Amino acid sequence: MRQQYKDMFPAWVDFIDEDFDLVLSNDADSLLSCLFLNKMFGWKINYFYDFNALYQIKPSDRDRIYVDIDVVNGKGWGNHVVLINKTDKINKQMANLNTIFKVHQANYCKKYSASTFLTILSYYNYPLFLLPREAQLITLSIDAGFKGFYDKYFQQFNYFYIHNVLDMDYLFDLQKQYSKDDFYNVIGTYNLHEKIYLQNGKLATKIKLDELAKLFNFNKDVINDLFSATFTQIQEFEDVCIPLNANPNIDLSNAFSFALTNKNFAKLSLYKEGVQHER
């Protein structure tokens, strides 16, 4: 990532010698991001969040990093649009390009549409170009980050973020060699569209974990330990979807997470009554 943009990120992202707990969300973007942060800095996944509840493996007083989860308060990596209006209050502890560039409902089409995983790889200057071509294609396929390249209008934003901000021009050029269908085939091959969920207190998924671990050099023991651990619910939420046209102003005072899922639709998790709020 180019330094001028790295300088806009919250300071904590450089506290790599501190011991944080990671909070995993329910998709491939969060999982690969967490596995990368574990590989690089030794931070362990101790929590799982599925928008309806927060679960933990064991009690901990370490600071949490919410990964691919745009929380209203707390530290995290994200990639969602979280502003309805440009002047809305932001969580300054979120490392999110769409927050940094003040993307909001009115200029939603200018958003960074690639993955949280790609943001993290770029920020920490990871040499993705040294990994197999298939790994590079997977990185572009997560969250369908490639889609903007194949649209005449959106290609300018695909170029701006990948080339000018992330400083990964080889990924922009890589898109020229493949079709949209090629990338959708990658998504299907590795089940990148599948969710992560809890089944009898343990994580389960149809995402092709073994293949991804091999391509990205992730420790399989870490993955096996994660999917054999038992999670216990510690917080419950109400998962709410709101059309923005009917609700131009949303009260986030009782919200745990919030994001625009498209220009005219918002998704948020609200604390349920009687549940202690996240610190």
With criteria (1) closer than 19 Å to E211 by Cβ; (2) crowded, with 16+ Cβ neighbours inside 10 Å; (3) out of contact with any Asp or Glu (no Cβ under 7 Å at 6 or more places or on another chain); (4) not small (G, A, S), Y123 comes up short on (1)
Kindly list, by first and then second residue, each pair from a residue in the stretch 124-140 that is touching a residue at least 40 places away in the same chain (Cβ under 8 Å) to a residue that is assigned to a loop (DSSP other than H, G, I, E, B) and crowded, with 17+ Cβ neighbours inside 10 Å, limited to pairs with Cβ atoms under 6 Å and residues at least 6 apart or on different chains. L140/F146
From the list I142, I162, I187, which residue is within 30 Å of I57 (Cβ to Cβ) and touching a Leu at 6+ places or on another chain (Cβ under 9 Å)? I142
Quick one: is S257 under 23 Å from N38 (Cβ atoms), modelled with pLDDT of 95 or more and hydroxyl-bearing (S, T, Y)? yes
Evaluate the stretch 102-119: report whether one residue or more is free of Cβ contacts under 8 Å to residues at least 60 places away in the same chain, assigned to a helix (DSSP H, G or I) and over 19 Å from H163 (Cβ atoms). yes
Q105 - would you say it is surrounded by fewer than 24 Cβ atoms within 10 Å (Cβ to Cβ), touching a Gly at 6+ places or on another chain (Cβ under 7 Å) and either aliphatic (A, V, I, L, M) or over 25 Å from A213 (Cβ atoms) (or both)? no
Mind telling me which of the residues L203, L226 ends up being touching a strand residue (DSSP E or B) at 6+ places or on another chain (Cβ under 8 Å), part of a strand (DSSP E or B), closer than 18 Å to A28 by Cβ and modelled with pLDDT of 95 or more? L203
Options K152, K89, K111; residue that is charged (D, E, K, R), under 30 Å from A255 (Cβ atoms) and exposed (fewer than 15 other Cβ atoms within 10 Å of the Cβ): K89
Top-ranked residue of the stretch 243-263 - restricted to ones that are surrounded by fewer than 14 Cβ atoms within 10 Å (Cβ to Cβ) and assigned to a strand (DSSP E or B), ranked as nearest to the chain's Cα centre (by Cα): T261
Tell me yes or no: at least one residue of the stretch 27-45 is part of a loop (DSSP other than H, G, I, E, B), within 21 Å of A135 (Cα to Cα) and aromatic (F, W, Y). no
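The values are calculated or read from the model by the stated rules, or taken from the named source; none is laboratory data. Model, not experiment: these values are computed from the prediction. All Cβ positions, glycine included, derive from the backbone under ideal geometry; neighbour counts span all protein chains shown.
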